Ligand SMILES: [Zn+2]
């Protein structure tokens, strides 16, 4: 399948997650965080700051395919990502989406942030509005400034989540 990333580059790939995680597809925004079993990336298609995708490293589709250890890791990783969205970027509400119907990726969770510009556009932070907001973000021309916002927000999340994961490792050892 063909995908177009936030920089406008097109890629022909079989599995989005495998392509991204192996570095075959270089993204505009570098990886935000990773654990032993999961990665957190800025969404590669939609230029919405702090729109994070948490995906499994293993090529499985559903939460039903995750081991007990992976499930525990997933919960604490999602918590760290969500917490950083709040403390670093002041994001008040997030919608989590997990879609099993996906022919070309791994188990993944969307952490969709409700941002001030979405409130200004009149959105009510409903799950039914998400695809409309995504389309709107994609249709806006990508500028130097918007790409900088994406990278800077990712950078803030990155350092905070790294700190959180390090603290967690310290606590468990
Ligand atoms: Zn894969």
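Below are the figures for this structure:
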read-out	value
Three-way shape label, the range 93-168, alpha-carbon gyration tensor, a/c 1.5	oblate
Residues 150, 64, sorted so that the one with the fewest Cβ neighbours within 10 Å comes first	64, 150
The range 38-114 shape via C-alpha gyration tensor axes, a/c threshold 1.5	oblate
Gap separating the Cα centres of the range 140-165 and the range 1-67, nearest whole Å	15
Residue-span extension gain [residue 162 to residue 72] - 0.36 nm each, minus C-alpha spacing	30.6 nm
Computed label-point distance, nm, for sites residue 7 and residue 24 using a 7 Å Cα→Cβ extension	1.8
Expected 222 nm ellipticity per residue - DSSP helices of 4 or more, -39500 (n - 2.57), all of the chain, to 500	-13500 deg cm²/dmol
Contour minus Cα-Cα distance for residue 126 and residue 92 (0.36 nm per residue)	10.9 nm
Tensor-based shape of the range 1-129 (alpha-carbon gyration tensor, a/c under 1.5 rounded, otherwise prolate or oblate)	oblate
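Since every read-out is calculated from the coordinates, none of them should be taken as a lab result. Note that this is a predicted model, so its numbers are computed, not measured. So basically every Cβ, Gly included, is an ideal-geometry build from the backbone, and we count neighbours across all protein chains shown.
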